[in-house]
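Peer 1: Pasting in a structure now, in structure tokens, and then I'll have a few things to ask.
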Amino acid sequence: MAPAPDDAPMASLLPAAAAAFAALRAQFLAGLPRRWAEIADAADDTERRGALHQLAGAAGGYGCAQLGEAARRAEQAAGEELVTALARLQRLLAAPTATVR
């Protein structure tokens, strides 16, 4: 029978990893106005969709599922649906960062 793994070294890393993640997430949240500017000021559809795609992926990675889903919907939308999706995304981005989930 194999010995049980010693989780102590890994457990000692968890507080440092959590702190590092919190710092990265705070940096991500602070950069949301810049990301919106990239979306709003995009030169064309391709550039806007690229910025939306990046936001969707990053938001999910930082635990902001609602924001990520809104960005993904805007990325995939067209016409009037796109206008609605971008307006929803803008409202989420304008919300206090504590409410961005």
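Peer 1: Could you give the length gained on full extension between Q76 and A30, defined as 0.36 nm per residue of separation minus the Cα-Cα distance, in nm?
Peer 2: 14.0 nm
Peer 1: What is the sum of charges around E47, taking Lys and Arg as +1, Asp and Glu as -1, for the other residues whose C-beta is under 15 Å from the C-beta of E47?
Peer 2: Residues close to E47 contribute a combined charge of -1.
Peer 1: Highest mean first, what order results for 69-75, 22-28 on Cβ atoms within 10 Å?
Peer 2: 69-75, 22-28
Peer 1: Could you tell me the calculated FRET efficiency between Q54 and S12, based on Cβ-Cβ distance and R0 = 25 angstrom, to the nearest 0.05?
Peer 2: 0.15
Peer 1: So if we plug the beta-carbon distance of A43 and A23 into 1/(1 + (r/R0)^6) with R0 = 30 Å, what FRET efficiency do we get, rounded to 0.05?
Peer 2: 0.40
Read the figures in this text as sums done on the coordinates, not as results from a lab. Being a predicted model, the structure only gives us computed values, none of them experimental. No Cβ is skipped: glycine too gets one built from the backbone with ideal geometry, and neighbour counts run over all protein chains shown.
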